[in-house]
Amino acid sequence: MDAACESIVFTLPTKVLGQRLHGYVREHLSKFEQALFSGLPYTVITDAVRAAGFTGTSVHTVEQAVYRARKYGRAKPAVNRDPRPRFGPPTGLTLPSPQAPRGSMNEDKAKISRRLRELSRAPRPGEPDPLN
């Protein structure tokens with residue numbers, strides 16, 4: 001390694017107990033990208049990753065972790081365990097009123113299905129075409 005690369009100091013936060021390398025890279029991807037954009041070689045970045053607690057990590061493994069973090073996205077925020085919706089129904093959406101009698105809705109469905117059957121069958125001889 002040349003003297004220019006040895007003089008560069010790049011530090012990363014220490015890993016959380018039980019954390020894997022790919023999750024760590026996803027969590028700190030902005031720091032990795034900033035270091036790469038400034039021209040740091042992967043060897044210096046790998047040394048910083050080893051100092052953060054990932055001993056025995058190779059340069060290729062760090063390159064692969066950065067590639068995967070870029071491809072599959074950044075770390076996702078914690079999942080909301082609350083099943084209740086946060087907001088009310090969308091505005092402008094008309095919902096059937098609970099006061100509407102159930103029978104009238106069934107009648108409307110029957111009318112629509114009858115009309116669709118009339119339009120879908122071919123007209124009988126002497127009968128006007130309903131589509132014209």
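For the range 43-58, a residue qualifies if it is in contact (Cβ under 8 Å) with a residue 24 or more places away in the chain and either touching a helix residue (DSSP H, G or I) at 6+ places or on another chain (Cβ under 9 Å) or of a type outside the set (Gly, Ala, Ser) (or both), and the qualifying residues are Thr43, Val44, Ile45, Asp47, Ala48, Val49, Ala52, Gly53, Phe54, Thr57. Counting only residues that are outside any helix (DSSP H, G or I) and hydroxyl-bearing (Ser, Thr, Tyr), how many does the range 7-35 have? Number of matching residues: 2.
Where a number appears in this text, it was derived from the coordinates with a stated rule and is not lab data. Everything quoted here is computed from the prediction, not taken from an experiment. Because the Cβ atoms are built from the backbone with ideal geometry, glycine has one as well, and the counts that use them run over all protein chains shown.
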